[in-house]
Each structure stands twice: as structure tokens, then as C-alpha cells.
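These notes concern the structure reproduced below.
The values are calculated or read from the model by the stated rules, or taken from the named source; none is laboratory data. All of these numbers come straight from a predicted model, not from anything done at the bench. Please note: Cβ atoms are built from the backbone with ideal geometry, for glycine as well, and neighbour counts cover all protein chains shown.
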Amino acid sequence: LDFLDETGFNEHTRRFYAYSPINCRAYITVPANRSANKELICTIGFRGCI
């Protein structure tokens, strides 16, 4: 019996809200080069990770 799990993520996700000192604007710098989304697939069974 094996269990298969798949997940995907993007390295360039960011928050839309942030904390900052009073009267200062919160900002973020995002790299201009956009990489593709990453995908991870793992199978776990009685013998361990496959």
C-alpha cells in the first residue's frame, strides 16, 4: 500500500499586506526574472519514501 501526494507552489508569491512604522509605506522588491511553477510528487509506503 503506497500513498501518493502532489503539491505545487510558486517562489514569487507574496503578501498583499504588511506592517510598517507609522507614516511609512510598506513595500517589497520582487526579482524581474520569473521562474516556472514548481511541482513536488512524493510516494510514501511501508518501505519509506519512494
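Every residue in the range 1-35 that is under 14 Å from the mean Cα position of the chain (by Cα), at pLDDT 80 or above and of a type outside the set (S, T, N, Q), please.
GLU6, GLY8, PHE9 - these are the residues of the range 1-35 that are under 14 Å from the mean Cα position of the chain (by Cα), at pLDDT 80 or above and of a type outside the set (S, T, N, Q).
Could you give me the residue pairs with C-beta distances under 7 Å whose first residue belongs to the range 5-17 and is closer than 12 Å to GLU39 by Cβ, whose second residue is of a type in the set (A, V, I, L, M) and loosely packed, with under 10 Cβ neighbours inside 10 Å wherever it lies, and which are 6+ apart or on separate chains?
As it stands, the answer is GLU6/ILE41; THR7/LEU40, since those pairs meet every condition given.
Would you tally the residues in the range 10-49 being surrounded by 10 or more Cβ atoms within 10 Å (Cβ to Cβ), among the hydrophobic types (A, V, I, L, M, F, W, C) and not in a loop (DSSP other than H, G, I, E, B)?
Number of matching residues: 2.
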